[in-house]
Structures are given as structure tokens and as C-alpha cells.
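First the structure, in the form of C-alpha cells, and then the observations on it.
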Amino acid sequence: MALALPEGARGRVLALGIAGIVLASVWLAAGQPLLAAYADRADTLGRRAALATRMADIAASLPELQREAAARSHDAPPAAATLAGASDALAGAALQSLIEGMSNSAGGHLSSTEALPAEQVGAYRRVALRVAVDATWPVLVRLLQDIERATPRMFIDDLQIRAQPAAEKLREPALDISFTVLAFRVATTGNAPAPPAPAADTGRAP
């Protein structure tokens, strides 16, 4: 038995309702995901535009930052940041005294120290001290921590650790430890690199 569809106004209303349902289904299946993708794309483009603006602002401020950094480089450093001493020898002696005190405080035995040649680094002189210490591992850790937190600032380089054969059976075997301690002092005129020698006079007219 065939189902008769209504005619007239009721038929038109039913047809419009069916068409609306079809359009709504198409919207949910295709239109809404497309709009969501478009919104995500717009959000991504917005973030990229904001990032580009930020990078442009940073690039524009770079010359001013460079001028400020150059101006600060001529200022005197904090007194606690550098070694005291009007010469490399005096600064090296001060560094050696500080290391000896920290080694004794940590419980290590400072077996030898060797002053290394100082080097010019910009407006500073880098003072270096090669140190050899007999200590257990806990003592070494304390000593390195003390050096890292020391005033003036110090830096450790070329750390070498070897176990002492005679102490292998001990509960806390002693270690042969050597490392270089680096610190800086403000360069004075006497330590500045010498200017280049003038060209020899050949006696010829220009």
C-alpha cells in the first residue's frame, strides 16, 4: 500500500522541512569543519603576525642595546668580581691564598700550586693557577662548591681525578686531583699590550 504524501499547503511545508533537514545535515558534515579549520588558520596567522611584530621590535632595539652594552663595558666592574692586585704576581698570590684557605676549610691537602702565565682578555687580565690536591670524594665536592661560590668569581678548568692505588681498600679512598683555577683582575696600563713599533725610517723622501 503506497503512502500518500499530503498536497497543498501541508505538502509544501513538509517539503520545506525535508529540505531544511538535508541542508542542516550538509552543514554539519562539511560546512562546520571548514569554518573551524578557517578559524584555526586565522588564529595561526594572527600568532605569526604577532611574533613577526615582536621580532621586528627587537631588531629595531638592537642598536640601542649595543650602545648601552658598549657604555657599560667601560664602567668599572664590581669590586667583588675581580682579584685585587696591581700586577699579575700580586693577583696570583691572592688567588693562591684564597685556594689554600678553601682547601684547608674543606679538609683537603693542597700538595702543589703552579702559577700559569696571565693572559689579556679585553679590559681584564686572566690569572690562572694549577692546583694539585689530595682529598676524598666528599671533600672534593665541598672544595669545588666553595670555589664556585667564592668571591671574587673563580672558574675551574681541566679537572683531572685519579684514585690513589694505596688507598683502594679504604672506606673513603683518597684521590689525586688536579685542576686549573681561573680568575680575573682589571688590567692596568702597565699590563696592557705594547703598541706596535713604528716603521723604520729609510731616509727616503715620500
message = outside any loop (DSSP other than H, G, I, E, B), among the hydrophobic types (A, V, I, L, M, F, W, C), at pLDDT 75 or above and touching an Asp or Glu at 6+ places or on another chain (Cβ under 9 Å): which single residue out of A115, A94, A49 fits that description?
response = A115
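Table: residues versus (1) closer than 20 Å to N104 by Cβ; (2) buried (at least 17 other Cβ atoms within 10 Å of the Cβ); (3) modelled with pLDDT under 80.
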{"site": "R149", "(1), (2), (3)": "yes, no, no"}
{"site": "R162", "(1), (2), (3)": "no, no, no"}
{"site": "P173", "(1), (2), (3)": "no, no, yes"}
{"site": "F179", "(1), (2), (3)": "yes, yes, no"}
{"site": "A183", "(1), (2), (3)": "yes, yes, no"}
{"site": "P193", "(1), (2), (3)": "no, no, yes"}
{"site": "P196", "(1), (2), (3)": "no, no, yes"}
{"site": "A200", "(1), (2), (3)": "no, no, yes"}
{"site": "A205", "(1), (2), (3)": "no, no, yes"}
ask   = Using beta carbons and a limit of 7 Å, which pairs, at least six apart or on different chains, have the first residue in the stretch 74-90 and closer than 17 Å to A128 by Cβ and the second one modelled with pLDDT under 80 and not in a loop (DSSP other than H, G, I, E, B)?
value = D88/N191
request  = Identify all residues within the stretch 123-138 that are farther than 30 Å from A163 by Cα and either assigned to a strand (DSSP E or B) or of a type outside the set (A, V, I, L, M) (or both); write none if there are none.
outcome  = Y124, R125, R126
ask   = In this structure, is Q120 among the polar types (S, T, N, Q), within 16 Å of S87 (Cβ to Cβ) and either out of contact with any helix residue (DSSP H, G or I) (no Cβ under 6 Å at 6 or more places or on another chain) or part of a strand (DSSP E or B) (or both)?
value = yes
inquiry  = Within the stretch 69-86, does at least one residue satisfy the condition of being at pLDDT 70 or above and of a type in the set (S, T, N, Q)?
reply    = yes
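The values are calculated or read from the model by the stated rules, or taken from the named source; none is laboratory data. Please read these numbers as outputs of a predicted model, since none were measured by experiment. Cβ sites come from the backbone with ideal geometry, for glycine too, and all protein chains shown count toward neighbours.
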